[in-house]
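One structure below.
The values are calculated or read from the model by the stated rules, or taken from the named source; none is laboratory data. Please read these numbers as outputs of a predicted model, since none were measured by experiment. Positions of Cβ are generated from backbone atoms using ideal geometry, with glycine treated the same way; all protein chains shown enter the neighbour counts. Heads up: the accessible areas ignore ligands, DNA and RNA and are worked out on the full protein's heavy atoms, side chains in. Shrake-Rupley method; radii C 1.70, N 1.55, O 1.52, S 1.80 Å.
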Amino acid sequence: MYALTSGLIVYNNIPKDSILFRLSEIIRRSEEGDSPEKLREETLVEIHRLLDLATSYGFDNNLWHNYLAYLIAVTETPFTLVSEKTGAHDGSVNIFAKHDLHIMKMLFDYDFSEFQKYIGSDCFDIIENFQAMEKEDRIYNKSVSEKVRELSSLIEKAKSDDEIFDIVTDFYRRYGVGKLGLNKAFRLSDDPARELLIPITNTSTVTLNDLVGYEAQKKALVENIEAFVAGRNANNVLLYGDAGTGKSTSVKAVLNQFYPDGLRMIEIYKHQFEYLSRIISMIKNRNYRFIIYMDDLSFEESELEYKYLKAVIEGGLEPKPDNVLILATSNRRNLVRESWKDRSDQDDEDIHRNDTVQEKLSLSARFGLRIGYFRPSPKEYLEIVRTLAKKYPDISLSDDELRIQANAWEMKHGGFSGRTAQQFVDYLAGTRFGKNN
């Protein structure tokens, strides 16, 4: 195995502390007669790491094959990044790529039997015929799992180096490479000095059809995102209005709708705006469309981060890349808190009062598309409740009973909104009002 891994060229930047390279070194030492007991202990450490990875990504059956396919899927090199944009392409690098993929197939088919006898463990027999416990989707990264297991299965069945090359380059073209290609959404790390973007492994499955009403708002948002993912001109978007009316739900829904078309989302909070330039530099040349998402965005008078955001959106020397769009939700249309003194002619402390007002309004103005989400009327609220309740056949209330209890719930739980309606229906579905409760 050591001779194989040391021969990698295109994929040579797989981390040297990876399971692959550590096992390769352990097997090399076994061939030189190192202590079987010591090597068994070190091997089991790597098996434990492999099991942890398998749990994170829902791998099953042949974990060794899944792991090697995972390395192929996440390793970013000039070859894989170009393949992400164009698929298979002409060039001398293909010779080296096929050489490496031939090695990977040999690693797929590697016979661990002699090594197992040497260390006195059948651990590789187990991981190559592994029956994983059934897990809920939210426990592992389903998006990456499905893609990697598909790649693993295709490589297992491949009959030639050219076939493997076509399989892998097509995979890159369809799904991308690395964490930016394989994941839907990201957040910023708590320690950006080490790794800035962290995949969000469990995202909501909500769709726009799940948001009752707000048809004009959804239409305007979808048309803008459609233009963006198609490479046409699109505006930065501000969804503003009353709490609980579906702004954040709309954002999650468009991510699910347009992810297959190459849309990715990065969630950032205002205290992290200092990293915006780093984020943009990381993503500006990738073959995806990125929404930088800012939920519940607003600024108090003392908070100055909004000035930095203004420059990033529009106004800095470096223009915002075409594959980046800013999307924010807020309860405030103007984002920056205004006070009555901003509008008073008697403010003696600010000589240029109008300039102060315009500076605060200019941030909102840099969102070319501003879509308002407002509280539903009592009639609309009841329609939302009825529509949501239909999804739960066990809710046994009549229309009159549903209306009476929905109105009573609204009076105690924050007024008319889609969120209030959803919370009421969740309450019904989980209590004695369900037929089976």
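One residue stands out among those in the range 220-254 that are assigned to a helix (DSSP H, G or I) and free of Cβ contacts under 8 Å to residues at least 24 places away in the same chain: the one that is most open to solvent (accessible area, probe 1.4 Å), which is GLU223. Within the range 55-69, the set of residues being in a helix (DSSP H, G or I), of a type in the set (Gly, Ala, Ser) and surrounded by 19 or more Cβ atoms within 10 Å (Cβ to Cβ) comprises ALA69 only. The requirement of being open to solvent by less than 10 Å² (accessible area, probe 1.4 Å), touching a Leu at 6+ places or on another chain (Cβ under 6 Å) and on the phi < 0 side of the Ramachandran plot is fulfilled nowhere in the range 74-89; no residue meets it. If only residues of the range 90-123 that are open to solvent by less than 40 Å² (accessible area, probe 1.4 Å) and among the aliphatic types (A, V, I, L, M) are counted, the one that is farthest from TYR175 (Cα to Cα) is ILE119. Beta carbons closer than 9 Å, at least 6 apart along the sequence or on distinct chains, pair a first residue in the range 200-219 that is touching a residue at least 24 places away in the same chain (Cβ under 8 Å) and open to solvent by less than 80 Å² (accessible area, probe 1.4 Å) with a second that is acidic (Asp, Glu) and assigned to a helix (DSSP H, G or I) for VAL212/GLU380; VAL212/GLU383; GLY213/GLU380; GLY213/GLU383.
Each residue in the range 265-288 was checked for being open to solvent by 10 Å² or more (accessible area, probe 1.4 Å) and either in contact with a His (Cβ under 7 Å, 6 or more places away or on another chain) or more than 30 Å from PHE374 (Cβ to Cβ) (or both), and 12 of them qualify. Filtering the range 65-76 to residues that are touching a Phe, Trp or Tyr at 6+ places or on another chain (Cβ under 7 Å) and under 11 Å from LEU107 (Cβ atoms) leaves HIS65, LEU68. Which residues, counting only those in the range 184-199, are over 21 Å from LEU297 (Cα atoms) and open to solvent by 50 Å² or more (accessible area, probe 1.4 Å)? Correct list: ASP191, ALA193, ARG194, GLU195.
Scanning the range 210-245 for residues that are among the small types (Gly, Ala, Ser) and under 20 Å from the mean Cα position of the chain (by Cα) yields a single hit, ALA230. Within the range 17-36, being over 16 Å from PHE112 (Cβ atoms), open to solvent by 40 Å² or more (accessible area, probe 1.4 Å) and in contact (Cβ under 8 Å) with a residue 12 or more places away in the chain holds for no residue.
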